[in-house]
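Down below is the structure, laid out as structure tokens.
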Amino acid sequence: MNTDNTTPQPHIVVHPPALDGSRRVTSGDAVLGVASHLDDVVEILRLADLDRIEVEESDLIEWQGGGPDDWPGLSEEHGHRHEE
């Protein structure tokens, strides 16, 4: 019988950028969301109740196809909306 009360830590994967620069965020077989910026990864993890994870430094997050600073094609557009 397992008497260890520690909760298994999730393995989060931030997938390589898609053609539009967005990156899928998964935990196991579950897709948690699609991120267009590092802030999106933080929000996706918060919504999944995983906000205790230090996104840029955690060993629980596997960054594929580039690290937390790699958002090709989207970095200039994030947060800039043109209003008329």
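The values are calculated or read from the model by the stated rules, or taken from the named source; none is laboratory data. Not measured: the values here are computed from a predicted model. Glycine also receives a Cβ, built like all others from the backbone with ideal geometry; neighbour counts cover every protein chain displayed. What goes into the accessible areas is simple: the full protein's heavy atoms, side chains included, and nothing from ligands, DNA or RNA. Shrake-Rupley method; radii C 1.70, N 1.55, O 1.52, S 1.80 Å.
Taking Arg81 and the conditions (1) surrounded by 11 or more Cβ atoms within 10 Å (Cβ to Cβ); (2) at pLDDT below 85, which numbered condition does it fall short on, given that it satisfies the others?
It is condition (1) that Arg81 fails.
Could you grab me the full set of residues in the stretch 19-41 that are exposed (fewer than 15 other Cβ atoms within 10 Å of the Cβ) and within 14 Å of Gly67 (Cα to Cα)?
Once the filter is applied, which keeps residues that are exposed (fewer than 15 other Cβ atoms within 10 Å of the Cβ) and within 14 Å of Gly67 (Cα to Cα), the stretch 19-41 yields only Asp39.
Here are the criteria: (1) open to solvent by 60 Å² or more (accessible area, probe 1.4 Å); (2) within 13 Å of the chain's Cα centre (by Cα); (3) at pLDDT below 90. Tell me which single one Ile53 does not satisfy.
Condition not satisfied by Ile53: (1).
Have a look at Ser75, Ser58 and point out the one that is open to solvent by less than 90 Å² (accessible area, probe 1.4 Å), among the polar types (S, T, N, Q), at pLDDT below 95 and within 14 Å of the chain's Cα centre (by Cα). Let's see the steps before the verdict.
Numbers: Ser75 fails: within 14 Å of the chain's Cα centre (by Cα).
Within the list Ser75, Ser58, the selection yields Ser58.
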